[in-house]
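Worksheet: the structure to be examined is printed underneath.
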Amino acid sequence: MDTVAPSRPTARFMLRHPAHWLALGFGSGLAPKAPGTVGTLWAWVSFLVLDRWLDPIGWAVLIAAALVLGQWACTRTAQHMGVADPGAIVWDEIVAFWIVLWLVMPAPWWMQLVAFGAFRYFDAAKPGPVAWADQRFKRRPGEGIGHRQGFGILFDDLVAALCTLLVLAAVITLTRSLWNS
């Protein structure tokens with residue numbers, strides 16, 4: 001079976017391998033425009049649904065498993081697509097945004113919206129530490145696509161999540177300061 005993907009992955013490509021399902025965010029990465037944003041929205045909705053059944057320990061286990069399986073799925077899908085970090089792979093956005101929500105919930109809707117906006121900014125614009133993280137695991141000349149690149153797909157989004165959490169901490173501190181004045 002030929003595993004080389006078309007330039008833009010399709011539902012047919014996604015159905016060819018279980019790693020594709022996961023890496024492409026159960027179809028959210030197939031969005032024709034802004035797949036990273038669509039994947040982050042999928043993360044938000046799925047978090048709200050799953051949070052009804054998962055306690056903090058359940059989330060910790062799910063996120064740990066999602067990171068391990070995600071590295072495998074992102075690596076395999078990138079290999080099958082022949083691209084080291086394809087935009088259609090959105091599992092990195094999903095897991096990273098789950099981490100953000102797991103650590104800030106329960107939060108009012110406006111704080112979740114701030115988290116979404118901040119995460120999308122850090123993920124898309126890649127300022128400072130996110131750009132550094134994005135460059136750490138890029139392919140070297142003559143290097144194939146392997147687990148190093150699969151980890152790199154996840155790593156810059158984890159740094160974007162950390163930056164988002166720092167922004168949220170500042171927003172919370174500022175908000176409390178203003179309300180207590």
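Report in % the part of the accessible area of region 30-167 that belongs to carbon and sulfur, leaving out ligands and nucleic acids; probe 1.4 Å.
Details: 4610 of 6510 Å².
Solvent-exposed carbon and sulfur of region 30-167 make up 71 percent of the total.
Give me the extension gain from residue 111 to residue 16: residue separation times 0.36 nm, minus the current Cα-Cα distance, reported in nm with one decimal. Intermediate values should be presented prior to the final figure.
Numbers: separation 95, 0.36 × 95 = 34.20 nm, distance 3.84 nm.
Gain in length upon complete extension: 30.4 nm.
Could you work out the percent of alpha carbon pairs in region 98-160 separated by over 20 Å, rounded to a whole number? Working shown, then result.
Values: 766 of 1953 pairs.
Here the long-distance tail beyond 20 Å is 39 percent of all Cα pairs in region 98-160.
Give, in nm to one decimal, the length gained when the segment between residue 178 and residue 33 is fully stretched (0.36 nm per residue of separation minus the Cα-Cα distance). It would help to have the intermediate numbers written out before the result.
Numbers: separation 145, 0.36 × 145 = 52.20 nm, distance 3.86 nm.
Between residue 178 and residue 33, full extension yields 48.3 nm more.
How far, in degrees from 0 to 90, does helix 109-125 lean away from the longest principal axis of the Cα atoms of the chain, to the nearest 10?
On a 0 to 90 degree scale, this one is about 40.
Using C-alpha positions alone, give me the convex hull volume of region 52-181 per residue in cubic angstrom.
Numbers: hull volume 14.5 nm³, N = 130.
Residue-normalised Cα hull volume stands at 112 Å³.
Would you kindly find the accessible area of residue 20, with a 1.4 Å probe and non-protein molecules such as ligands, DNA and RNA excluded, rounding to the nearest 10 Å²?
0 Å²
Quick one: Karplus J couplings for region 46-53, per residue in order, coefficients 6.51, -1.76, 1.60, θ = phi - 60°, nearest Hz, x for Gly and Pro?
5, 4, 4, 6, 5, 5, 5, 10
Would you work out the relative contact order for region 76-181, in percent, from Cα pairs under 8 angstrom that are 6 or more residues apart?
Details: 88 pairs, mean separation 40.0, N = 106.
Computed over region 76-181, the figure is 38 percent.
Give or take rounding to whole Å, what are the principal axis extents of the alpha carbon atoms in region 1-102, in descending order?
Ordered largest first, region 1-102 gives principal extents of 41, 25, 20 Å.
Using the Cα centre of region 40-181 as origin and beta-carbon charges of +1 (Lys, Arg) and -1 (Asp, Glu), tell me which of 114, 164, 180 is placed farthest towards the positive end of the dipole.
Farthest towards the positive pole: 164.
I need to check one value: relative contact order of the chain, counting alpha carbon pairs closer than 8 Å and at least 6 residues apart, in percent.
Details: 221 pairs, mean separation 45.9, N = 181.
Here the relative contact order equals 25 percent.
Using a probe radius of 1.4 Å on heavy atoms only, what accessible surface per residue do you get for the chain? Whole Å² is fine.
Working: 9310 Å² over 181 residues.
I get 51 Å² per residue for the chain.
The values are calculated or read from the model by the stated rules, or taken from the named source; none is laboratory data. Please read all numbers here as calculations on a predicted model, not as lab measurements. When we count neighbours, we look across all protein chains shown, and the Cβ atoms used for this are built from the backbone with ideal geometry, even at glycine. When the accessible area is computed, the model is the full protein with side chains, heavy atoms only, and any ligands, DNA or RNA have been set aside. Shrake-Rupley method; radii C 1.70, N 1.55, O 1.52, S 1.80 Å.
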